[in-house]
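Asker: This is the structure, below, for whatever I ask next.
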Amino acid sequence: MPEQESGQMPAERAGGRAPVVGFVGLGNIGRPMALRLAGSGCELVVFDVAPEPVAELAAAGAKVAGGVGELARSVDVVCVMVRDDAQVRDVLAQVLAAGAGPRTVVVHSTVAPQTPAELAATAAPHGVHVLDAPVSGGPMGAADGTLAIMVGGAEEAYAAARPALEAMGSRVVHAGPVGAGTRFKLARNLMHFVSFAAAAEAMRLAEASGLSLKDLGDVVRHTDAVTGGPGAIMLRGTTAPIEPDDFWHGVMSHVAALGDKDLGFALDLADELGVDVPLARRARADLAKGLGL
């Protein structure tokens with residue numbers, strides 16, 4: 001599926017008017033997402049159990065609903081950013097119980113891999129489409145409209161939600177059918193949190209070496225911004241082994257050789273200092289194969 005990049009919300013959709021958007025869940029990420037919608041010029045209706053973010057959205061021009069059902073009856077698209085699967089299911093149940101309401105429900109919460117298909121099956125008899133559209137970029141990306149939004153669902157539903165999505169994110173990827181957005185997010189976050197664990201190993205090694213952890217963090221963030229960090233090697237369209245005459249074989253062979261050398265030195269230092277670095281040992285053993293060699 002093609003990806004869309006935009007920070008602008010079109011004034012009108014295919015049906016001749018801008019969609020009316022409802023937003024349920026004004027937490028750390030939901031609140032700035034909704035504020036981006038309010039600032040985009042779309043008609044926005046919000047609901048949350050916490051009064052403070054609701055008041056902030058009202059001041060920004062959003063209408064306030066007294067409950068999920070009231071919100072659902074007045075909008076075309078409902079965006080949902082609540083805590084977990086149970087809360088998502090509860091919101092969807094209230095939307096469907098409202099009767100005449102939105103044709104599209106967009107779930108931004110990160111849920112279990114099987115949940116989007118279950119939600120879609122529940123909603124379909126009511127004529128309601130479900131998109132799973134988790135986000136990446138945190139509160140900072142939500143505040144400045146630079147979120148990556150990974151979407152799974154039918155083309156019709158994606159088209160209906162796209163104006164709202166493009167108001168909240170600068171990289172919107174329609175990844176495939178319902179469930180694809182969630183699988184995309186889980187793959188992305190696997191790297192995110194494994195990298196955190198690797199960072200913890202690097203910090204232990206640096207601390208045992210008498211180095212400044214603050215300076216190490218500054219250097220890592222600086223160089224990752226230049227090189228692309230772990231995502232710099234994510235350039236191929238497959239994980240299959242690389243043929244020797246393929247251009248990427250030379251590139252990845254160079255990466256693997258540098259990695260083996262530097263990891264070897266780091267492991268020697270860790271052994272000398274008595275620092276436990278199991279991820280580094282596994283990385284050295286698996287790096288070449290993981291690169292497709």
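Asker: When you look at M234, is it within 28 Å of the chain's Cα centre (by Cα) and surrounded by 12 or more Cβ atoms within 10 Å (Cβ to Cβ), yes or no?
Answerer: no
Asker: Do we find that D224 is loosely packed, with under 11 Cβ neighbours inside 10 Å, of a type outside the set (A, V, I, L, M), modelled with pLDDT of 95 or more and not in a loop (DSSP other than H, G, I, E, B) in this structure?
Answerer: Judged against the criteria, D224 is not a match.
Asker: Give me the pairs: first residue in segment 66-77 and in contact (Cβ under 8 Å) with a residue 12 or more places away in the chain, second residue hydroxyl-bearing (S, T, Y) and not in a helix (DSSP H, G or I), beta-carbon distance under 9 Å, and six or more apart or on different chains, which are they?
Answerer: D76/T104; V77/T104
Asker: Condition first: within 17 Å of the chain's Cα centre (by Cα) and under 10 Å from M81 (Cβ atoms). Now tell me which residues in segment 33-51 satisfy that.
Answerer: M33, A34
Asker: Any idea which residue in segment 139-167 is nearest to F184 (Cα to Cα), counting only those that are surrounded by 21 or more Cβ atoms within 10 Å (Cβ to Cβ), among the hydrophobic types (A, V, I, L, M, F, W, C) and touching a Lys or Arg at 6+ places or on another chain (Cβ under 6 Å)?
Answerer: M150
Asker: Could you list all residues from segment 64-114 that are of a type outside the set (A, V, I, L, M), touching a strand residue (DSSP E or B) at 6+ places or on another chain (Cβ under 8 Å) and closer than 22 Å to N189 by Cβ?
Answerer: Listed by number, the residues that qualify are C79, H108, S109.
Asker: Something else: Picking from S170, S212, S136, which residue would you name as being over 23 Å from G30 (Cβ atoms), at pLDDT 95 or above and either surrounded by fewer than 22 Cβ atoms within 10 Å (Cβ to Cβ) or within 16 Å of the chain's Cα centre (by Cα) (or both)?
Answerer: Among S170, S212, S136, only S212 is over 23 Å from G30 (Cβ atoms), at pLDDT 95 or above and either surrounded by fewer than 22 Cβ atoms within 10 Å (Cβ to Cβ) or within 16 Å of the chain's Cα centre (by Cα) (or both).
Asker: In segment 75-107, what residues are surrounded by fewer than 16 Cβ atoms within 10 Å (Cβ to Cβ) and in a loop (DSSP other than H, G, I, E, B)?
Answerer: R83, D84, G99, A100 - these are the residues of segment 75-107 that are surrounded by fewer than 16 Cβ atoms within 10 Å (Cβ to Cβ) and in a loop (DSSP other than H, G, I, E, B).
Asker: Tell me yes or no: at least one residue of segment 41-63 is in contact with a strand residue (DSSP E or B) (Cβ under 6 Å, 6 or more places away or on another chain), closer than 24 Å to A93 by Cα and basic (K, R).
Answerer: For segment 41-63, residues in contact with a strand residue (DSSP E or B) (Cβ under 6 Å, 6 or more places away or on another chain), closer than 24 Å to A93 by Cα and basic (K, R): present.
Asker: Let me ask another. Among the residues of segment 240-247, is there at least one that is part of a helix (DSSP H, G or I), open to solvent by 60 Å² or more (accessible area, probe 1.4 Å) and farther than 24 Å from V277 by Cα?
Answerer: Within segment 240-247 (the criterion being part of a helix (DSSP H, G or I), open to solvent by 60 Å² or more (accessible area, probe 1.4 Å) and farther than 24 Å from V277 by Cα), the answer is yes, since at least one residue qualifies.
Asker: Condition first: touching a Ser or Thr at 6+ places or on another chain (Cβ under 7 Å) and either more than 30 Å from M81 (Cβ to Cβ) or not polar (S, T, N, Q) (or both). Can you find one or more residues in segment 246-263 that meet it?
Answerer: No.
Asker: C42 fails exactly one of the following numbered conditions: (1) touching a helix residue (DSSP H, G or I) at 6+ places or on another chain (Cβ under 8 Å); (2) at pLDDT 95 or above. What is the number of that condition?
Answerer: Result: C42 passes all but (2).
Asker: Of (1) free of Cβ contacts under 8 Å to residues at least 60 places away in the same chain; (2) assigned to a loop (DSSP other than H, G, I, E, B); (3) of a type in the set (A, V, I, L, M), V111 satisfies all except one. Which?
Answerer: (1)
The values are calculated or read from the model by the stated rules, or taken from the named source; none is laboratory data. Since this is a predicted model, take the numbers as computed values, not measurements. Using ideal geometry, Cβ is built from the backbone for each residue, glycine included, and neighbour counts are taken over all protein chains shown. Just the protein is used for accessible areas: all its heavy atoms, side chains included, with ligands, DNA and RNA removed. Shrake-Rupley method; radii C 1.70, N 1.55, O 1.52, S 1.80 Å.
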